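> Mind having a look at this structure? Questions to follow.
The values are calculated or read from the model by the stated rules, or taken from the named source; none is laboratory data. Just so it is clear, the structure is predicted and the values come from calculations on it, not from any experiment. Positions of Cβ are generated from backbone atoms using ideal geometry, with glycine treated the same way; all protein chains shown enter the neighbour counts. To get the accessible areas, we keep the full protein, side chains included, count just its heavy atoms, and leave off ligands, DNA and RNA. Shrake-Rupley method; radii C 1.70, N 1.55, O 1.52, S 1.80 Å.
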Amino acid sequence: QVQLVESGGGLVQAGGSLQLSCAASGRTFRSYTMGWFRQAPGKEREFVALIDWSGGHTSYADSVKGRSTISRDNAKNTLTLQMNSLKPEDTALYYCAAAPGPIATTRIDAYNIWGQGTQVTVSS
């Protein structure tokens, strides 16, 4: 069973950048599709980005496309989300999540392992 711990959140001004990291424990990290999700106060949790087990396929929400890059290092059991040109509407609690199997999906219910989240706050 994989366990996930996020880090890298913080307070940043609009236009700035942050790199979120997710450290995974367990030998089976490479077998999971990995995703980033976020939840703003009063809103539902939403998909941000995903990467398949090999790193060969990525997908992004329209709201972050062109400003964010997801990557993984299976040798180091790490997942990263680089976010640039941050906007106040990017303010949310960001979660790293794992979905078993090779099918890369944006469906939240496919992800059965979650981290505790890292807060990103973007000031205007």
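> Across the range 72-83, in residue order, what do the Karplus-derived ³J(HN,Hα) couplings come to in whole Hz, using 6.51 cos²θ - 1.76 cosθ + 1.60 with θ = phi - 60° and x for Gly and Pro?
9, 10, 5, 6, 9, 6, 10, 10, 9, 10, 8, 10
> Then there is this: Could you provide, to the nearest whole Å², the per residue accessible area of the chain with probe 1.4 Å?
Solvent-accessible surface per residue comes out at 51 Å².
> What's the carbon and sulfur percent of the chain's accessible surface, probe 1.4 angstrom, rounded to a whole number?
Ligands and nucleic acids excluded, carbon and sulfur reach 49 percent.
> Also, I was wondering about something else. Going Cα to Cα from K43, which lysines come in below 23 Å? Please leave out same-chain ones fewer than 8 positions away.
K65, K87
> How many nm is it between the label spots at K76 and Q116, if each spot is 7 Å from the Cα in line with the beta carbon?
Roughly 2.2 nm, to one decimal.
> How would D73, D62 rank on accessible area, largest to smallest, probe 1.4 Å?
D62, D73
> Which residues' amide hydrogens lie under 5 Å from the amide hydrogen of S63, considering only partners 5 or more residues apart or on another chain, with H built in the peptide plane?
none
> Please state, to two decimals, what the Cα-based radius of gyration of the range 13-124 comes to when divided by 2.2 N^0.38 Å (N = residues).
Ratio of Rg to 2.2 N^0.38 Å for the range 13-124: 1.00.
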